[in-house]
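K.L.:
First the structure, then my questions, so here it is.
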Amino acid sequence: MSLQEQAYAELREKANMSVYGVRVSDEAREKSGAGVTVKEGGRETREKPVPAAFRTPLGLNVSVTPNPDSDYAIEYSGGRFLLTRKGHLLYDRLEFEKRPLYYDRKTSDGKWMKDVVSIVTNGCAAVWYSNECAFRRRDESCLFCATGVGEGNIFLKKSAQIAESVKAAFDEGVGWRIDFTGGVIPQRREIDYYTDAIRAIRETLGRSDLIAAACIAAPRDLAVVKQLKEAGFSIITMNIEIWDKNIFRALCPGKERTVGWDNWVRALEFAAGVFGFGQVRCNFVTGFEPRRKTLEGIEYLASVGVIGNANIFHSAPGTPLEGHRCPTPEWNLELHEKAADILRAGGITFEQATNCHPVADALYHDFWRIKEGLLPALL
Ligand code: SF4
């Protein structure tokens with residue numbers, strides 16, 4: 001088997017794990033040092049931390065989505081971590097990413113810095129700034145979204161906390177860019193909030209040449225887009241989620257009522273003019289419309305310089321779509337391969353795609369890496 005064939009085989013296993021998750025044995029979880037010396041996964045693993053991710057032999061990054069029923073398992077045996085499938089060894093000697101040291105520090109006002117700013121991948125300091133979305137109050141949340149579900153107190157992180165935590169991540173060398181995400185705050189106050197937060201970060205770091213992304217619901221008032229650019233953001237994200245107008249209306253009622261599909265697309269086009277070709281991202285939730293429809297959206301957006309990113313759907317507890325299944329790994333693989341081809345043909349570079357969408361585990365990035373020989377093992 002050639003290295004490229006091996007890389008595709010690893011990508012198929014990764015797609016399976018992206019859809020069906022991975023079981024982590026108790027022994028592997030305890031021995032891994034997750035939450036102590038090894039970076040732990042997201043909020044859902046807070047009680048029993050598991051490693052956030054591992055790499056396949058050829059270097060594909062696999063995020064660990066725990067699922068006790070998965071055929072895939074991370075086990076610990078003979079002093080090594082193994083990945084098995086149905087009990088058979090798949091990969092030996094798994095290694096996990098080190099936990100940032102600043103995760104053990106607190107801000108001046110006593111918040112754990114890891115709860116304020118977490119490192120995703122690729123040096124991305126992620127700020128989930130609030131658990132509020134104004135659409136939930138009106139029962140107009142996007143049907144797949146868990147923001148605000150079952151949350152006790154609404155939180156809104158303070159600019160000073162964020163700036164202090166970002167500085168800690170930058171000083172340690174584990175962060176070198178910033179990504180904000182969150183819901184819609186009533187009266188669209190997130191726009192002023194973003195402006196204040198980026199100003200605080202710039203002042204605390206003493207520099208203005210930041211790679212920083214702001215995620216907002218597309219505004220009807222397009223001046224907002226310019227405002228965020230002038231405030232210091234270099235990337236803007238506005239997630240239309242669904243390209244089919246009727247399904248968008250059904251799945252994203254708040255976005256439909258307050259903005260509307262046509263205005264959303266117009267805002268993305270406008271943003272590409274303000275932020276530049278390849279500096280605007282638009283996420284899609286996949287599996288609720290025909291694959292060709294999502295690809296049609298990615299193709300149109302690429303033609304105007306917007307990077308469409310197809311997320312793999314995972315149903316979240318407490319949402320109207322709880323219990324719904326994700327399409328098969330094969331379905332997702334085909335979508336992502338075609339998405340990579342569309343973006344490449346549209347003139348988007350790999351650097352722009354990974355800069356705009358700074359995660360290490362997107363399947364379309366992997367197709368790109370393999371096709372262009374960008375995996376270190378293929379160089
Ligand atoms: S607007 Fe964003 S945060 Fe609010 S429900 Fe939709 S996806 Fe979730």
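The values are calculated or read from the model by the stated rules, or taken from the named source; none is laboratory data. Source: prediction; values computed, not measured. In this analysis, Cβ positions are derived from the backbone assuming ideal geometry, glycine residues included, and neighbour counts consider all displayed protein chains.
K.L.:
Please work out which residue is surrounded by the fewest Cβ atoms within 10 Å (Cβ to Cβ), limiting yourself to segment 283-319 and to residues that are assigned to a loop (DSSP other than H, G, I, E, B) and among the hydroxyl-bearing types (Ser, Thr, Tyr).
P.N.:
SER315
K.L.:
From THR147, THR121, which residue is at pLDDT below 95, within 16 Å of the ligand (Cβ to nearest atom) and closer than 24 Å to HIS314 by Cα?
P.N.:
Numbers: THR121 fails: within 16 Å of the ligand (Cβ to nearest atom).
Of the residues listed, the single one that is at pLDDT below 95, within 16 Å of the ligand (Cβ to nearest atom) and closer than 24 Å to HIS314 by Cα is THR147.
K.L.:
In segment 190-214, which residues are basic (Lys, Arg), at pLDDT 95 or above and closer than 12 Å to LYS167 by Cα?
P.N.:
ARG202, the sole residue that qualifies.
K.L.:
Mind listing just one residue for me: the one in segment 214-246 that is under 14 Å from PHE180 (Cα atoms) and within 15 Å of the ligand (Cβ to nearest atom) and, of those, surrounded by the most Cβ atoms within 10 Å (Cβ to Cβ)?
P.N.:
In this case the residue turns out to be ALA214.
K.L.:
In this structure, is ASP179 modelled with pLDDT of 95 or more, more than 11 Å from the ligand (Cβ to nearest atom) and within 27 Å of SER63 (Cβ to Cβ)? Quick ask: steps written out before the conclusion?
P.N.:
Details: modelled with pLDDT of 95 or more: yes; more than 11 Å from the ligand (Cβ to nearest atom): yes; within 27 Å of SER63 (Cβ to Cβ): yes.
Yes: the conditions hold for ASP179.
K.L.:
Answer yes or no as to whether ARG189 is closer than 19 Å to LYS157 by Cβ, charged (D, E, K, R) and either within 16 Å of the ligand (Cβ to nearest atom) or not assigned by TED's automatic domain parsing to the domain that holds GLU140 (or both).
P.N.:
yes
To keep it simple, each residue is scored yes or no on (1) part of a strand (DSSP E or B); (2) more than 27 Å from SER315 (Cβ to Cβ).
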site: MET17; (1), (2): no, no
site: ARG23; (1), (2): yes, no
site: LYS31; (1), (2): no, yes
site: VAL36; (1), (2): no, yes
site: TYR76; (1), (2): yes, yes
site: LEU82; (1), (2): yes, yes
site: LEU89; (1), (2): yes, yes
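K.L.:
Mind telling me which of the residues GLU351, GLU322, GLU337 ends up being surrounded by fewer than 16 Cβ atoms within 10 Å (Cβ to Cβ) and not in a loop (DSSP other than H, G, I, E, B)?
P.N.:
Working: GLU322 fails: not in a loop (DSSP other than H, G, I, E, B); GLU337 fails: surrounded by fewer than 16 Cβ atoms within 10 Å (Cβ to Cβ).
Every option except GLU351 fails the conditions.
K.L.:
Surrounded by fewer than 19 Cβ atoms within 10 Å (Cβ to Cβ), at pLDDT below 90 and in contact with a Pro (Cβ under 9 Å, 6 or more places away or on another chain): is that true of ARG137 in this structure?
P.N.:
Yes.
K.L.:
If you go through segment 125-137 one residue at a time, do you hit one that is charged (D, E, K, R), within 16 Å of the ligand (Cβ to nearest atom) and in contact (Cβ under 8 Å) with a residue 60 or more places away in the chain?
P.N.:
No - not one qualifying residue is present in segment 125-137.
K.L.:
In segment 325-334, what count of residues is obtained for those that are polar (S, T, N, Q) and surrounded by fewer than 18 Cβ atoms within 10 Å (Cβ to Cβ)?
P.N.:
Number of matching residues: 1.
K.L.:
Got at least one residue in segment 72-87 being under 22 Å from GLY173 (Cα atoms) and surrounded by fewer than 17 Cβ atoms within 10 Å (Cβ to Cβ)?
P.N.:
no
K.L.:
For segment 343-372, what are the residues that are among the β-branched types (Val, Ile, Thr) and either without any contact (Cβ under 8 Å) to a residue 12 or more places away in the chain or under 17 Å from GLY305 (Cα atoms) (or both)?
P.N.:
Passing the criteria: ILE348, THR349, THR354.
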